[in-house]
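Worksheet for the structure shown next.
Values quoted throughout were computed directly from the atomic coordinates according to the rules given, and no laboratory measurement underlies them. Note that the structure is a prediction, hence the values are computed from the model and not measured. A quick note on method: Cβ atoms are made from the backbone with ideal geometry, for glycine too, and the neighbour counts reach across all protein chains shown.
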Amino acid sequence: MKELNTLKAYRKARNYTQEELAKQSGISIRTIQRIEKGLTKGSPHTLKALAKTLHIENTNFKILDEEKGAVTTEYYKVKLMNFSILSVLLIPFGNLILPTIIFFANKSNKHVNSLGRRILSIQIINTFLLSGLAIALFFSIGRGNGAIPIPVPIIYFSYTAVNIIIVIHTSMAIDKKKQILKFFPDLI
C-alpha cells in the first residue's frame, strides 16, 4: 500500500513524464527526481504544488512521510542496541548487559525482536569463546608471581576489537537492510 503513496506512482497514474510534471507544477525536474528517488522529502511548498498539479490530497504525502519516520524509529532502536555493545569498553560484559536491557524493553518492536535476537546471539557466542580462551590461557601460562599474564590483556583488547568490528559490520548491514552475520546460529 505504501507504493501507492509515492510521487512516482501518482505521476504515472496521471500519465505525466517528469518533464511535464515539472513544467505544470513549477517545480524543477531535479527536485522531482530527488523526491522520487527518496533522496529528499521535499519542502511543504514543493509537496503542495505537486499535489495540486496531480489533483491529489496533500495529506497523502504526509502519510508517506510518517511511514518513513516510523521505519526509521524502529531501526533506530536496533542501532541503539547494536552500539550499546561498545559499553564493553567501560563495563565488563557490557556487550551483553545493555543490549539485553534494550532488547527486553523494546521486544514488541518487530525489528528489535528479529534483529535484536541475532545481535544478542552473536554477543553470547563471542563472549563465551573469547572469555573461555582468556581463562584457558590464564591457567595454562600459570599465575607466576600473582601478576596478570601478558596474554590476558592482549585477549581482552582483541575481544574489544572484535566487538568493534562486529558493531561496524552490523550497523552497515542494518543501514542496507541486509542479513546480520547469518553464519552465527540463533541462541535466543
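Observations on the structure shown:
- Residue order, fewest to most beta carbons within 10 Å, for Ile119, Ile101: Ile101, Ile119
- Beyond 18 Å in Cα-Cα separation lie the following of the pairs Lys107/Lys176; Lys37/Lys110; Lys41/Lys79; Lys8/Lys48: Lys107/Lys176; Lys37/Lys110; Lys41/Lys79.
- Ranked list, fewest to most other Cβ atoms within 10 Å of each Cβ, for Met81, Met172: Met172, Met81
- Annotation: the residues Ile124, Ile155, sorted from fewest to most other C-beta atoms within 10 Å of their own C-beta, follow the order Ile124, Ile155.
- Cut-off 11 Å between beta-carbons: net charge of the residues surrounding Ile32, Lys and Arg +1, Asp and Glu -1: +3
- Shape of segment 2-56, Cα gyration tensor, a/c cut at 1.5: rounded
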